[in-house]
Every structure is written in structure tokens, then in C-alpha cells.
1. Going down the list K85/K374; K75/K173; K14/K113; K176/K271, which pairs span over 30 Å between their C-alpha atoms?
2. Pull out a ≥ b ≥ c, the square roots of the eigenvalues of the alpha-carbon gyration tensor of the range 309-406, then state rounded if a/c is under 1.5, prolate if not and a/b is larger than b/c, and oblate in the remaining case.
3. Quote the relative contact order of the chain in percent (integer), defining contacts as alpha-carbon pairs under 8 Å separated by 6+ residues.
4. Is the shape of the range 14-152 rounded, prolate or oblate, going by the alpha carbon gyration tensor and its root eigenvalues a ≥ b ≥ c, with a/c under 1.5 for rounded and a/b larger than b/c for prolate?
5. For K388, list the lysines whose Cα falls under 18 Å from its own Cα; do not include residues on the same chain fewer than 8 positions away.
6. Sort 151-160, 394-403 for me by packing, meaning the mean count of neighbouring Cβ atoms within 10 Å per residue, highest on top.
7. Over 18 Å apart: what share of the alpha carbon pairs of the range 173-268 falls there, rounded to a whole percent?
8. If a/c stays under 1.5 just call it rounded; otherwise compare a/b with b/c (prolate if a/b is bigger, oblate if not). Do that for the range 220-366, with a ≥ b ≥ c from the square roots of the Cα gyration tensor eigenvalues.
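Read-outs throughout are calculated quantities, based only on the coordinates presented, and are distinct from any laboratory measurement. Just so we're clear, the structure is a prediction, and the values are computed from it rather than from any experiment. Every residue, glycine among them, receives a Cβ derived from its backbone with ideal geometry; neighbour counts consider all protein chains shown.
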Amino acid sequence: MSFRAYLRNHPDEKGYYGEYGGVFLPPELEEAFTEITQAYQTICHSAQFINELRRIRREFQGRPTPVYHCERLSKKLGGAQIYLKREDLNHSGAHKLNHCMGEALLAKYMGKKKIIAETGAGQHGVALATAAAFFGLECEIHMGEVDIAKQAPNVTRMKILGAKVIPVSTGLKALKEAVDSAFESYAKSYKDSIYCIGSALGPHPFPLMVRDFQMVIGQESREQFLEMTGLLPDAICACVGGGSNAIGMFIPFLNDPVDIYGVEPLGRGEKIGDHAATMSYGSKGTLHGFVSQVLMNEDGSPAPVYSVASGLDYPSVGPEHAYLRDVGRIHYTSATDEEAVDAFFKLSRYEGIIPALESSHAVAFAMRYAKEKKTGAILVNLSGRGDKDVDYVVEHYGYGDNYMKF
């Protein structure tokens, strides 16, 4: 199936990617999501909307972001060459602005006055607060208290940009609970607001919308790598929590002879509650209005999750990822906290690039791949920068002197 044919057929009209996806909502939100679906299906074919989004990406976001060859790190590893798609250079410091500007533009088209969202690592919250300021919209961000403590710099940035940050103190006080809280708020105010989901998950049409807005990453990467080297990479990889940066990177490469790897957080190990590696340890279930792979307790409730990277500690994954794994196109693997922190320091020391802890999981896999393959090239989606993580990393791991051995 060609790339264009794939996009036409996935998802289907009910929002399914194979057996995953769909729309499972309380009755009071069904009308609101139908309105969003109809509005998006209209504007995604509008030349005016597309041209405005392209202008914003060029003049405000600073796109295209470059592809960079990690020459020193690759030499140290002595194997395949590592390249980075530098989404950390996207305005606001991560890939999240790619879909936030699109969703905010949609909200403006629909006549909404307010945008509501959840955030884990805070990058989605910062991006949405940035988009709200750009378009003159109110912004409400729900964030678990654990993540607020870990990601204080991003909380400050959200408030400076004018967002109202709602602390969430229920359950594990992390990303899942932030999603629960944001949905509750949206259910009370959907006539004047729109819920901007922070990843390629949730009820249809959000997995579709976020994928479409994020595909700019893979489209640019493919062109840039060909121009740089005359070849396609042997492999590409990206970290996977909900999966927005990864799906945006992966989809434009689906028809190419390129190995694709999604890297999940294995955290402290394989025990339930010590990781958030949904593809490895989850099973089919429903969470937050869609069907996908879900990490569950024996009673079927969502299991507790953990990762050193706040943006990855979610007990499910986008439905398109689950589908692409089942059909065998994408391989899903994992990296531990220690591997991610090791990659964090090595990329910082050898390339002068401080990555987000989320992105460090993908860098960790690329380092492993480079050692094993010896030749060829792997392209990593460096989905965000690590400014938000430096205080936490230094407090818990020092300045990295213990991580310089290969």
C-alpha cells in the first residue's frame, strides 16, 4: 500500500486503525467531538488553513528544523553513524508546538475562546500556552503535582505565557490523572472551549489530527537526510509515551526500506509500577475514550506507571502505534532510566546538546544500535531539549562524571 493510500484508509470513518482507536465518550461530549471532527475534516482540505499553518511554522516556529550528524559520539561508539532530527530547536523547545499551533488554529476557526489540556513533562503545556498567547485564547493546563515538582521551569514558563495551571492531587498525581482532570473540566465547558490532547491518542479525531500535524517531522527528515547523504537511513527511532513525536517521524518512512523503532521507558525494571513500557507489557483495553494497548492490573484497571521522564509515564499508547506493531511494520523496544540518563550525559558532553529525558530514551537505543550494527546510519528524532530536566538530573545523578565510560 502506498503512503497516500495508507493515509486515506487509516483511520477508517469510525476512527479505527485495525482494532484500535474509536470514540468512547460520555453522552454530553459526543456532540462536542462530532463538531471537532467535522471542523477538522473541513479545514484540513482548506488552502487558506494550510497556508496559514505553513506561514506560522516558517515565521514563528522556525521550521524546518535541521538534521545533525553526531560525528564525535558516533566515533566514540565505533559503529553506525548517529544523526538527530533537531526538534529541540523548534520554538518552545520540543515537537509539541507542531500540533498545538494546528489545534489552536482549529479552535480559532471554530470560534472557541479557551483551550484546555493536560501535560506531563510540561512541554505540551508550554507549547499550548505559547499557541494560546499567539492566537489570543484563554489557556488551562492540568498537571500532576509530582510532575509540577519535577518540571518547575516549565510550570514557570506556562504561567509567564498566561496559562492557568491546575495542580492534580489524585492517584499517582501524574499524567494519567492530569488527563482525567482535563477531561472533567472540558465536559463542563465544551461549548466555549476545545480540549487539545497532548499526544496521538484519545478519542477520534485526535490521533488523526495530531499525526497529521506532526508528520512535518518525518517529511522534513526524509528530504534532509537524502540531501545530506544521498541515501535513506538504515533505521529511524523515536521515544514513545503517548507517541506523537514518534508517529510524526515514522509515517512518512512507512513505504521505505528503513527499519523503524519506537523506544518506550522501562524505568526501574519489568515489575508493574516500575515502568511505562505499554507495548511490551500491556494488553488490549479502553482508556480515556479509545481502544489501544493498556498497562493493566489484574482487575483490568489502569496499572501504576513510572519513568524518569515525566512525558513518558502514561499507561497506554496511541492506537496507530498499536496497529503498526501488530502488522509488523514498527518494532517497539525499551530503554531503562539508567540508559536514558547515560545517553543524556553522553550527548551533552560529546555533542554539546542537552536532550530532554524523554528524547534520551531514543538516543540510548541509537547508541545501542550503533554498537551492534557497526556500519550504516540511524536517524533519531530528538523530540525536545533538556532545559526542563537539568535541575532534577543534577539533584539525582550529579553532573555526569560517572557516565563517561563507553
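1. K75/K173
2. Oblate is the answer for the range 309-406, as a/c is 1.5 or above yet b/c matches or exceeds a/b.
3. Relative contact order, the chain: 20 percent.
4. Note, shape of the range 14-152 comes out prolate.
5. K96, K150, K159, K346
6. Top to bottom by mean Cβ count within 10 Å: 151-160, 394-403.
7. Here the long-distance tail beyond 18 Å is 56 percent of all Cα pairs in the range 173-268.
8. It comes out oblate by the Cα gyration axes.
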